[in-house]
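Just below is one structure, and these are the notes that go with it.
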Amino acid sequence: MTLDTPRKLSLLRDPVDLLFRGVARTAGITVLAIMSLVGLFLAYRATQALQVAGWSFFTEQSWEPDAGKFGIAAVLVGTILIALVAIVIAVPLATGTALYITDYAPRRIKQTLIGLVDLMAAIPSVVYGLWGFFFLQGNITDISRWISHTFGWIPIFAVDGADPNDPLASSTVYTSSTFIAGIVVALMIAPIITSIMREVFSQAPVGEREGALALGSTKWGMIRSVVIPFGLGGMIGGTMLGLGRALGETIAVYMIISPVFVIQPHILQAGASSVSSLIALKYGEATEFGTSALMAAGLALFIMTLIINFAASAIVARSRSGASS
Amino acid sequence: MSSTIDVRAIHERLDAATGETSIVQAVPAGTTLPRNVLSELPPELVTEQQPRRTSALRISDLLSAIGAAIASLAATTFLVTQLAPIQGPVAFGVIAYILFVVFYSILVAADETGPVVRDRIVLVIVHSLAFTIFITLVFVVLFSLIRGAQALPHLNFYTQDMSLAGPLDPLSDGGVLHAIVGTLIQIAIALAITIPLGLTTAVFLNEVPGPFARFVRTIVEAMTALPSIVAGLFIYASLILLLGFEKSGFAASLAISVMMLPIMIRSADVVLRLVPSTLKEASTGLGAGQWATVWRVVLPTSRSGLVTAIILATARGIGETSPVLLTSGFTASLNVDPLHGPMVSLPLAIFQFVKSPEPTMIARGFGTAAVLMLVVLLLFVIARLIGGQTIAKKERARQQRIELAADLRARAHGLATLPARTARLARRLTTRSGSAHAARKSDSTPTNKDDTV
């Protein structure tokens, strides 16, 4: 009796297939090389500056690299504050808009709205910057004044040097602030967040939606018990992707803020800072060491957005709505 | 309303009335019949029925919304003018809105229960959030277009550069030809680099899977997080400072490429992943090698999606200011040589124009923004036209066609045995709109008929 030995499987590829795989692999290697080059070059140049600055890089507020005194404490806090203002404004707007598109909008205009949101996500940031600088800057001071007047006892809304009882007081203390930059960035990222949230909301299973409605739920009851639990991962992921964009935004922020290099916790007050506008502001006059200090700041920003992006994609992938994608 | 219907009883009456034998005779007792048969009622039992109105809007909702709006406006006016010294249209709007929500919920609460009231409040809030964002975003775009309208009608705006026009010159001198040409050259070079490299890498990620491909995918995903200014800083520090190239259009193209490449690979990767594996297996089953499968099956299937990926990445690349700011240099004159001398692009030109305090320069800046947005809009419309037909959509549409055809065939078969009058009625009910809709409608017909029986 002979034992059945499993047949030996072998794959003989065509020469043209081998060539194709080689070319594809080469492209992959090239892209990997370019991307690693960017990362490694950044890291290499950044270490030159970091070795000089040491840990004070994270605690020092001023930016005078040639005097050996530089750090990202102020700009990093400024960046985070702008991004937080943007997220606080953009997320409710985006959630409402996404729900409107998936559940409330008349069927006729749905496709138009989706197209509009996607188009808004592609509008160049410099256009938002123009609007912020020429329109918002002049018209928002009333709101800023009102907020600081009413909620001034909360530290972040306080404004130094403003007298709320003087109606003729100049409004310049309220311009060029973190708040205004945050609003502009919020408008920029809201379409991106909306687009992701709409995608996950629209994937909520129809059977469960109809089940909720059939059990007598109202539309909001259905949204609360089916759509939002289903889309929660996507909501968080979309928010974090928006946060990543908000942290890296340069030109709109650069046009609006008047840079300061101290930690500025008063978001309504003139003077703000961000890592990317620091780079845009200082690269031209930077010496070689100054450039590597800027590289270090850029690297810190990159690592921050990187962590946020990876966390976002992990959350989306683990959530129910992201499992299929 | 009872939901069970004695089908046999109906049909026996039906047969007695018409003197025909309907298909129900061939069916053993206790069998659930296709619903169309239920339409075979004798004429006297069939009343012409209006389709039920499915709109959720009631007149009382509308009235309470209007009432709440009037009440909130009146109350806010009283509050602002008589009680509290609150100024500004914004404060007025905010107070009026809050009062509207309060009044509206009180009005709804008058004749509805708690969950319905909450539902209505959310309805109002969702609508107002959505309208806020759409109006603001449209306003942002219109603002640039309107402010730029001064500069746009001048033909010289598109045919001249700024080399001979100073900040004080009127809008009839000078233009942004140099920026338009610069943008086109830079994006062309960037595309020449990113399209072959990006698409081949996306194909690599999907066709040559393995640990290495996974690693490349992770790195590419990481690089989508690269802030665009850091991409610019990289090219500035490496190409310009380290290797001694001058600030030029080519350097700007490289910076744009570094930024665009991960975006393009990522979206092309997603598109390629959507190619049905059945197609690839069929191709392999017919004896095609891997290259032939990719070239003749994978790429043609995903062509529209890949084009969309390219165009959307292009729109991002064209609109980014910060990488160009660091690498291209600034010039007021036309430069068509990407390798030598500074070359300005549209976003950078906007940025430089609005730095000037002169109103004509600011008008030029807004005009340039309008041109840039038109370019992006054009790209976007092309992308929508090409990308509207994704594979998933095509497949879904094909499935729907098949289902519809099967549905119609079944219906036609059922209709053939019906008496003429009910057939007409059934046809009227079923052909009103799409198949799913019609099915739901004819679902509701039998239960209505039950009442009549």
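Tabulated data
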{"quantity": "Count - residues of segment B:190-211 that are more than 19 Å from B:A309 (Cβ to Cβ) and more than 7 Å from chain A (Cβ to nearest Cβ)", "calculated": "3"}
{"quantity": "Residues of segment B:217-233 satisfying the condition of being part of a helix (DSSP H, G or I) and surrounded by fewer than 24 Cβ atoms within 10 Å (Cβ to Cβ)", "calculated": "B:R217, B:T218, B:I219, B:E221, B:A222"}
{"quantity": "Single residue of B:V141, B:V126 found to be under 22 Å from the mean Cα position of the chain (by Cα) and touching a residue at least 40 places away in the same chain (Cβ under 8 Å)", "calculated": "B:V141"}
{"quantity": "A:A286 within 11 Å of chain B (Cβ to nearest Cβ), of a type in the set (A, V, I, L, M, F, W, C) and either closer than 26 Å to B:S238 by Cβ or buried (at least 22 other Cβ atoms within 10 Å of the Cβ) (or both)", "calculated": "yes"}
{"quantity": "Residues (more than 18 Å from the chain's Cα centre (by Cα) and within 14 Å of another protein chain (Cβ to nearest Cβ)) located in segment A:227-254", "calculated": "A:V227, A:I228"}
{"quantity": "Those residues of segment B:87-121 which are within 11 Å of another protein chain (Cβ to nearest Cβ), under 16 Å from B:L62 (Cβ atoms) and among the aliphatic types (A, V, I, L, M), in sequence order", "calculated": "B:V116"}
{"quantity": "Residue within segment B:162-180 that is assigned to a helix (DSSP H, G or I), away from every other protein chain (no Cβ under 14 Å) and under 30 Å from the mean Cα position of the chain (by Cα) present", "calculated": "yes"}
{"quantity": "Candidates B:K441, B:K393, filtered to the one that is at pLDDT below 75 and within 21 Å of the chain's Cα centre (by Cα)", "calculated": "B:K393"}
{"quantity": "Listing of helices (runs of 4 or more DSSP H) fully contained in segment A:210-276 that carry 3 or more residues being open to solvent by less than 50 Å² (accessible area, probe 1.4 Å) and out of contact with any His (no Cβ under 6 Å at 6 or more places or on another chain)", "calculated": "A:228-248, A:251-256"}
{"quantity": "Only one of A:D103, A:D66 that is open to solvent by 10 Å² or more (accessible area, probe 1.4 Å) and either in contact with a strand residue (DSSP E or B) (Cβ under 7 Å, 6 or more places away or on another chain) or more than 12 Å from chain B (Cβ to nearest Cβ) (or both)", "calculated": "A:D66"}
{"quantity": "Contacts under 6 angstrom Cβ, first residue in segment A:259-279 being on the phi > 0 side of the Ramachandran plot, partner of a type outside the set (G, A, S), 6 or more apart", "calculated": "A:G271/A:V260; A:G271/A:Q264"}
{"quantity": "Looking only at segment B:315-326, and only at residues there that are open to solvent by 10 Å² or more (accessible area, probe 1.4 Å) and assigned to a helix (DSSP H, G or I), the one that is farthest from B:L346 (Cα to Cα)", "calculated": "B:R316"}
{"quantity": "Members of segment B:265-284 found to be part of a helix (DSSP H, G or I), out of contact with any Lys or Arg (no Cβ under 9 Å at 6 or more places or on another chain) and not hydroxyl-bearing (S, T, Y), listed by number", "calculated": "B:A268, B:V270, B:V271, B:L272, B:R273, B:L279, B:K280, B:E281, B:A282"}
{"quantity": "Top-ranked residue in segment A:69-100 [being of a type in the set (S, T, Y) and open to solvent by less than 20 Å² (accessible area, probe 1.4 Å); ranked as modelled with the lowest pLDDT]", "calculated": "A:T79"}
{"quantity": "Filter result for the condition that a residue is within 30 Å of B:I185 (Cβ to Cβ) and among the β-branched types (V, I, T), over B:V275, B:V271", "calculated": "B:V271"}
{"quantity": "Residues of segment A:1-59 satisfying the condition of being touching a Ser or Thr at 6+ places or on another chain (Cβ under 8 Å), small (G, A, S) and more than 30 Å from B:T200 (Cβ to Cβ)", "calculated": "A:A46, A:A49"}
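The values are calculated or read from the model by the stated rules, or taken from the named source; none is laboratory data. Quick caveat, the model's predicted, so the values are computed rather than measured. Ideal geometry is used to build each Cβ from the backbone, glycine not excepted, and the neighbour counts take in all protein chains shown. Surface accessibility is based on the protein's heavy atoms, side chains included, excluding ligands, DNA and RNA. Shrake-Rupley method; radii C 1.70, N 1.55, O 1.52, S 1.80 Å.
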